[in-house]
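Contents: one structure, followed by commentary.
The values are calculated or read from the model by the stated rules, or taken from the named source; none is laboratory data. Because the structure is predicted, anything quoted here is derived from the model rather than measured. With ideal geometry, Cβ positions are generated from the backbone for all residues, glycine too; neighbour counts draw on all protein chains shown. Please note that ligands, DNA and RNA were not included when accessible areas were found on the heavy atoms of the full protein model with its side chains. Shrake-Rupley method; radii C 1.70, N 1.55, O 1.52, S 1.80 Å.
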Amino acid sequence: MPFAQRKPLRLKQWDYSSPGMYFVTFCAYERKCILGSIPDEALDGVDAACSLSVLGEMCRQSAALAFKGKEAVSLDSFVIMPNHVHALVSLSGGEGSHKELGRRIASWKALTTKEARKAGLAGKPWQPGFHDHIVRNEADLARIREYMQNNPKQWQLDRYYC
């Protein structure tokens, strides 16, 4: 099934060097469920979570490394789904921070890919790019946090469900 034509990834009128929180999503290549699975019995649970594959575990471990020692950007929280990752990333603002969001996500994906290659896993793990949503206020942040927490429970309703 062919996917729609890609849209520009960044919001033209937004100053990405300003401090703020960003809700980021990046997908596994061709949205294949290579990061893990959500068992049917977990869908009924309060603390439903993705049972991570070897690649999913590599992705989890790479998250901390991708943001380590970076003052302009920090990883607030993330959730790994079977075929995509959601993260809340905070930019402190200032000179050079406009590039840090993209650099950190690229680093996270690259570190995971490097570990996958070392472990002998073949294939492309990631779609190019990522989607970001600028968190506008506290209510938006609360909504996103709730969405991330509930995302595994809602897996069968997800448009990327496989």
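At a glance:
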{"quantity": "Given (1) closer than 26 Å to G69 by Cβ; (2) out of contact with any helix residue (DSSP H, G or I) (no Cβ under 9 Å at 6 or more places or on another chain); (3) at pLDDT 95 or above; (4) open to solvent by less than 70 Å² (accessible area, probe 1.4 Å), index of the condition R145 fails", "calculated": "(4)"}
{"quantity": "Selection status of Q156, in a helix (DSSP H, G or I) and loosely packed, with under 14 Cβ neighbours inside 10 Å", "calculated": "yes"}
{"quantity": "Residue within region 92-104 that is at pLDDT 90 or above and under 18 Å from C33 (Cα atoms) present", "calculated": "no"}
{"quantity": "Filter result (modelled with pLDDT under 90 and surrounded by fewer than 16 Cβ atoms within 10 Å (Cβ to Cβ)) within region 27-50", "calculated": "P39, D40, E41, L43, D44, G45, V46, D47"}
